[in-house]
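A short worksheet on the structure shown next.
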Amino acid sequence: MATLYKTAQSEFMDVDDVIEEKESRNKIKNRVLMVASRGITFRQRHLLNDLEALLPHTKKEAKIESKQDMELLNELAEIQNCNSVFYFEARKHQDLFMWISRAPSGPSVKFLVQNIHTMDELKMTGNCLKGSRPVLSFDATFDSEPYLQLLKEMLTQTFGVPKGARKSKPFFDHVFTFSVVDNRIWFRNYQISEKNAETGGDVPKNTTPTLIEIGPRFVLNPIRIFEGSFGGPTLYENPRYISPNAVRAAVRAQGSAKYVRRVAEAQEREARVQAEPLPVDPLKDVFD
């Protein structure tokens, strides 16, 4: 009886270990939900597909209406067992805004995406294994301001592929670089090449591997950082941010100013002619 009891107890312990292993496997590890709004252009959609191919720990969701409540994104993240959200919000079929949020409690940040160049447009010579994990490289400027430190942490949690993530490969063959230039975050993707670019042979052991750009390229202009997920109190607001609508309005105003100046010059010329009329020609009617 004692032997049977010990055998049954060991079997129950094995079952408990299996249950604990499954529960630990089902825990959220750092999955990112990728969602886009309706109305995105072909270039914005290609950028979304490029990021999905480079980040194997993402889960793509169907498009949603941009006018819907943002709380729906937190519910979708909970359903998909994700703790971060990439939301690409398109406006007027020309402007693209990127939301990065830590669901469901926050924080979240809103960017304006500028200077978009996809992999198909660039036609770079670099290449990387699909599903490989990237090395994240941040500019030293990220440690200079508190809001940049927060952005660095959020970018690390979203762009960093965790070990053992779904569809990921245990290799590091490309680098994501984030550089702060002109108060904007510039994103680049490079291949780590151990081949000599000129001869095609292997690089010696004591030399530094070369970097070959893969793509895509884009620039993130931070707009506002919120305490909650897709809302809440504002932690930081960019004082140098100018909305695309204001830029287009300034361009239209500049064009209208040229028109107003031309009209004013024509009226001034007409007034001068009326004030100083030409003398009457005495030979005007000789040949009539």
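Taken together, the residues in region 32-57 that are aliphatic (A, V, I, L, M) and assigned to a loop (DSSP other than H, G, I, E, B) amount to 2. For region 206-224, the count of residues that are in contact with a Phe, Trp or Tyr (Cβ under 9 Å, 6 or more places away or on another chain), aromatic (F, W, Y) and either modelled with pLDDT of 85 or more or surrounded by 10 or more Cβ atoms within 10 Å (Cβ to Cβ) (or both) is at least one. Scanning region 124-147 for residues being small (G, A, S) and surrounded by 13 or more Cβ atoms within 10 Å (Cβ to Cβ) gives a total of 4. Residues in region 82-140 that are among the β-branched types (V, I, T) and either part of a strand (DSSP E or B) or under 17 Å from the mean Cα position of the chain (by Cα) (or both): V85, I100, V109, V113, I116, T118, V135. So is A250 outside any loop (DSSP other than H, G, I, E, B) and within 41 Å of the chain's Cα centre (by Cα) or not? Criteria met by A250. Residues that are more than 30 Å from G106 (Cβ to Cβ) and not in a strand (DSSP E or B) are absent from region 228-240.
The set of residues from region 29-74 being within 26 Å of R133 (Cβ to Cβ) and β-branched (V, I, T) comprises V32, V35, T58. I'd like to check something: does region 263-275 contain any residue that is open to solvent by 90 Å² or more (accessible area, probe 1.4 Å) and in contact with an Asp or Glu (Cβ under 6 Å, 6 or more places away or on another chain)? Scanning region 263-275, I find no residue that is open to solvent by 90 Å² or more (accessible area, probe 1.4 Å) and in contact with an Asp or Glu (Cβ under 6 Å, 6 or more places away or on another chain), so the answer is no. Scanning region 148-173 for residues that are in contact (Cβ under 8 Å) with a residue 60 or more places away in the chain and either assigned to a helix (DSSP H, G or I) or open to solvent by less than 70 Å² (accessible area, probe 1.4 Å) (or both) yields a count of 11.
The one condition from (1) closer than 15 Å to T158 by Cα; (2) in contact with a Ser or Thr (Cβ under 6 Å, 6 or more places away or on another chain); (3) of a type in the set (A, V, I, L, M) that L54 does not meet is (2).
The values are calculated or read from the model by the stated rules, or taken from the named source; none is laboratory data. It should be emphasised that the depicted structure is a prediction, and the values quoted were computed from it without experimental measurement. Heads up, the Cβs are rebuilt from the backbone with ideal geometry, glycines too, and the neighbour counts pull from every protein chain shown. Heads up: the accessible areas ignore ligands, DNA and RNA and are worked out on the full protein's heavy atoms, side chains in. Shrake-Rupley method; radii C 1.70, N 1.55, O 1.52, S 1.80 Å.
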